[in-house]
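Trainee: I'd like to ask some things about the structure below.
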Amino acid sequence: MKQYAGIDVSLEYPNVCVVDADGRSVREAKILSEPDALIAWFGEHGVVMERIGLDAGPLSQWLHAGMVKAGLCVELIETRHVRAAFKRCR
């Protein structure tokens, strides 16, 4: 089944929420705010994300570049869209 992720970027530990195609929460985590840490976490998850929405902000450019370079399907999105996705996880 297709899965999607939203990342609410923060300075130290972004919140990551994975949902399925029906919007049901699959997994939540706080990951170190570094491209390699996020890439490793998604690799360990074992399911290729259909898309990853990354909260647009000061750190997002750096995280986005690293994740795209690793082959992840990442898009920068506005904060309000990421927050709407996280409401489903809580």
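Trainee: Working carefully through the options G66, G53, find the one that is touching a helix residue (DSSP H, G or I) at 6+ places or on another chain (Cβ under 7 Å), closer than 15 Å to P14 by Cβ and at pLDDT below 95.
Mentor: The conditions single out G53.
Trainee: Kindly indicate whether any position in segment 77-89 is on the phi < 0 side of the Ramachandran plot, at pLDDT below 90, in contact with a strand residue (DSSP E or B) (Cβ under 8 Å, 6 or more places away or on another chain) and in a strand (DSSP E or B).
Mentor: yes
Trainee: Looking at segment 24-47, is at least one residue open to solvent by 20 Å² or more (accessible area, probe 1.4 Å) and on the phi > 0 side of the Ramachandran plot?
Mentor: yes
So that you can scan it fast, the table gives a plain yes or no per residue for (1) free of Cβ contacts under 8 Å to residues at least 60 places away in the same chain; (2) in a strand (DSSP E or B); (3) over 15 Å from E75 (Cβ atoms):
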{"position": "S10", "(1), (2), (3)": "yes, no, yes"}
{"position": "Y13", "(1), (2), (3)": "yes, no, yes"}
{"position": "D22", "(1), (2), (3)": "yes, no, yes"}
{"position": "E28", "(1), (2), (3)": "no, yes, yes"}
{"position": "S33", "(1), (2), (3)": "yes, no, yes"}
{"position": "I39", "(1), (2), (3)": "yes, no, yes"}
{"position": "M49", "(1), (2), (3)": "yes, no, no"}
{"position": "P58", "(1), (2), (3)": "yes, no, yes"}
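The values are calculated or read from the model by the stated rules, or taken from the named source; none is laboratory data. Quantities reported herein were computed from a predicted structural model and do not represent experimental measurements. Neighbour counts run over all protein chains shown; Cβ positions are idealised from the backbone, glycine included. Ligands, DNA and RNA are stripped out before the accessible areas are found, and what is left, the full protein with its side chains, is counted by its heavy atoms. Shrake-Rupley method; radii C 1.70, N 1.55, O 1.52, S 1.80 Å.
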